[in-house]
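Asks: Quick one: the structure is below, and I'll ask about it shortly.
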Amino acid sequence: MCKPLQIAITVLLMLSNAAAAATSCNAPIAVQVLGSGGPEGQNGRASAGYLLWLDGQARVLIDLGGGTFARYGASGADFSDLDLIAFTHLHADHATDLPALLKSGYFSDRERPLPIAGPTAGAGYPDLGGYLRGLLAPESGSFRYLAGYLDGSDGLVKLEPRTIDAGRHAPLSVHETPAYRVDAVGVTHGPVPALAFRVDVGETRIVFSGDQNGDDAHFVDFSRNADLLIMDHAVPEDAGPVAARLHALPSEIGRIARDAEVDHLVLSHLMRRSERALDDSLERIRAIYAGTVSTAADLDCFQPGNDG
Ligand SMILES: [Zn+2]
């Protein structure tokens, strides 16, 4: 193929991909999957990350695992529009792309501070503040050249950390605007301090499970009547005891979605072991739960109330 033609085709493909992503999330309320994978680096899946779009603006970013920074760019989201970054927990597949996103923010015209939420500390894990200091502290942070994010100096906007008690089983308010509110609750992900997040936009409810083993009865209450439940699906039904201590089995996912009377369940955070058994897992989930079930792919957009 001659080079000009090749370039023209490449540009057309890029434009059509960008248009598809922008169009599919141009709804009053939508969740875009930035990363539908886990920590393995599967083909076609970035690690965990999600964007909440409201009226065509990306407002809330949940998790920033490896690869999500590139997906964030592909989504067309604007750093200036973000109201909140929220980490479910501080595993690498949920948190590594934060410095990349912050550096990109230098090139935006954002002026207002940026709230950022994450869990309290646990054995072997820092709290949100410790994570941020490890990255950004002026004397010792790995990316100390971005230390201005801690105090709003150097032309950078100030991060406003909100550390959420991961041991708490009752919902805690994380962020609230006239248009929507975000709450969090602690969930069990083995020994890792971990949170689930819930966004209520008027009567519409969206829940992000984070990584959890499905044992928490309070998570069913937290997810009650959700229009969308984005649930991590990292293990098959025959998972060994270590994996099952960290992640919910398909039968547990189905039970949660059924008991919480969720409208639409989206399976994400897929790993090779869960992809291999996906047909079996979907069968098990559908045997328990009668609502809509989808399997996420990167850059997918899901609209509450649109179960197609
Ligand atoms: Zn994970």
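Asks: Please go through (1) within 20 Å of the chain's Cα centre (by Cα); (2) farther than 20 Å from PRO39 by Cβ; (3) acidic (Asp, Glu) for ASP232 and return the number of the only condition it doesn't satisfy.
Replies: (2)
Asks: Go through the residues of the range 21-28 one by one and say whether even a single one is at pLDDT below 95 and among the β-branched types (Val, Ile, Thr).
Replies: yes
Asks: Counting residues that are away from the ligand (no atom under 15 Å from the Cβ), which helices (runs of 4 or more DSSP H) fully inside the range 195-308 reach at least 2?
Replies: Hits in the range 195-308: 217-222, 250-259, 278-288.
Asks: Which residues, taken from the range 155-187, are surrounded by 16 or more Cβ atoms within 10 Å (Cβ to Cβ), among the hydrophobic types (A, V, I, L, M, F, W, C) and in a loop (DSSP other than H, G, I, E, B)?
Replies: LEU156, VAL157, ALA166
Asks: Another one. For the range 143-154, which residues satisfy the criterion of being touching a residue at least 24 places away in the same chain (Cβ under 8 Å), outside any helix (DSSP H, G or I) and in contact with a helix residue (DSSP H, G or I) (Cβ under 7 Å, 6 or more places away or on another chain)?
Replies: Answer for the range 143-154, where residues must be touching a residue at least 24 places away in the same chain (Cβ under 8 Å), outside any helix (DSSP H, G or I) and in contact with a helix residue (DSSP H, G or I) (Cβ under 7 Å, 6 or more places away or on another chain): just PHE143.
Asks: Scan the range 72-105 for residues that are surrounded by fewer than 22 Cβ atoms within 10 Å (Cβ to Cβ) and part of a helix (DSSP H, G or I) and report the count.
Replies: 12
Asks: OK, next. On the given criteria, is LEU64 within 16 Å of the ligand (Cβ to nearest atom) and surrounded by 23 or more Cβ atoms within 10 Å (Cβ to Cβ)?
Replies: When the stated conditions are applied, LEU64 passes them.
Asks: Looking only at the range 276-308, which residues are acidic (Asp, Glu) and buried (at least 17 other Cβ atoms within 10 Å of the Cβ)?
Replies: Result: ASP298, ASP300.
Asks: Which residues, taken from the range 36-58, are within 13 Å of the ligand (Cβ to nearest atom) and not in a loop (DSSP other than H, G, I, E, B)?
Replies: Within the range 36-58, GLY37, GLY49, TYR50 meet the criteria.
The values are calculated or read from the model by the stated rules, or taken from the named source; none is laboratory data. Predicted model only: the values in this text are computed from it and were never measured. Neighbour counts are summed over all protein chains in view; Cβ atoms, including those assigned to glycine, are modelled from backbone coordinates with ideal geometry.
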